[in-house]
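Data block below; observations after.
The values are calculated or read from the model by the stated rules, or taken from the named source; none is laboratory data. No experiment lies behind these values; they were computed from the predicted model shown. So basically every Cβ, Gly included, is an ideal-geometry build from the backbone, and we count neighbours across all protein chains shown.
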Amino acid sequence: MAYTQFTLTQVLAQLSARYEGAAFWTSLEATRAINLSLRTWNSLTGVWRTSVTVTAPPASDDHLVPLPGSMMYRTRVTIDGRRLDPISRFELNRIRPNWVYEYTDSGGDVPSRIEWWAPAGLYTIRIWPGNRVTTDLVVGGVATTPVLTLPGDFIDIGEDDLGPILDEALHILTFKQGGHRFTLSIALHQAMLREAADRNAILSANQKFRQFMGLDRNRSYRPGHETGGSSAIAGIASLTRPEGS
């Protein structure tokens, strides 16, 4: 997918153009809704990715390795091109009850090199076994979502991604109106979720996610259906037009 640079001014203009009635929001409200929508989209799809090299200190307490704040969440860890297997702390406790005391020089059935990594908070991971020498890890994951504040601030994103982001921003903005207008806007939210699932194989295959979000029950919310996408925008807009317009 080709990426395009969009400034905040351009995104605001496209948001207004996407809506078919008189805007019921201020520029500040629209900017906040766009930024919230960007965070939601990035969390679901990981559209902005990054990788960082971090140093695992030798014999660190609890085998913890700190990560920089530029990363929203991590998806893989490698050492010299070798990918470590992910594991949870619960699994570590079950499989290796004494893992906190195990290091690469422990001997026995403890590996002589790092094999597993486990999430530990937003900006920390654990490694097993612990290392005795300073080791560089390459951590890949989703970058922190860019925040648009000034008119010239920009995002690099595919045009196919911008549509669902604008749909979600309109849904967020309609919350201030409530009532039937907000109910209509749920179609936009559902369309965004469905597009996110299409881009994220893990979400698409997760039955619990689909059930919780109503993706299997609400096929009519898909853009292009009678109650979804652009028709939902038209429905919201019709409620804000003066009579006779």
Which of (1) under 15 Å from residue 38 (Cα atoms); (2) part of a helix (DSSP H, G or I); (3) of a type in the set (Ser, Thr, Tyr) is the odd one out, the single condition residue 185 does not satisfy? (1)
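Check whether at least one residue in the range 72-85 is more than 27 Å from residue 102 (Cβ to Cβ), surrounded by 15 or more Cβ atoms within 10 Å (Cβ to Cβ) and touching a residue at least 12 places away in the same chain (Cβ under 8 Å), and report yes or no. Walk me through it before giving the result.
Residues of the range 72-85 that are more than 27 Å from residue 102 (Cβ to Cβ), as a first pass: 72.
Retained after the next criterion (residues that are surrounded by 15 or more Cβ atoms within 10 Å (Cβ to Cβ)): 72.
Now restrict to residues that are touching a residue at least 12 places away in the same chain (Cβ under 8 Å): 72.
Checked against the condition, which is being more than 27 Å from residue 102 (Cβ to Cβ), surrounded by 15 or more Cβ atoms within 10 Å (Cβ to Cβ) and touching a residue at least 12 places away in the same chain (Cβ under 8 Å), the range 72-85 yields at least one hit.
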Could you please give the count of residues in the range 88-145 that are assigned to a loop (DSSP other than H, G, I, E, B), touching a residue at least 40 places away in the same chain (Cβ under 8 Å) and either touching a Lys or Arg at 6+ places or on another chain (Cβ under 7 Å) or buried (at least 19 other Cβ atoms within 10 Å of the Cβ) (or both)? 5
Select from the range 52-65 the residues that are surrounded by 15 or more Cβ atoms within 10 Å (Cβ to Cβ), assigned to a strand (DSSP E or B) and at pLDDT 90 or above and list them in ascending order. 52, 54, 64, 65
In the range 169-182, which residue that is at pLDDT 85 or above and in a helix (DSSP H, G or I) is farthest from residue 29 (Cα to Cα)? 171
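Residues of the range 149-168 being exposed (fewer than 13 other Cβ atoms within 10 Å of the Cβ) and in a helix (DSSP H, G or I), which ones?
Residues of the range 149-168 that are exposed (fewer than 13 other Cβ atoms within 10 Å of the Cβ), as a first pass: 149-150, 152, 156, 159-160.
Within the range 149-168, 159, 160 qualify.
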Can you tell me which of 26, 53 is closer than 30 Å to residue 196 by Cα and either among the acidic types (Asp, Glu) or in the same structural domain as residue 156 (by TED's automatic domain parsing) (or both)? 26
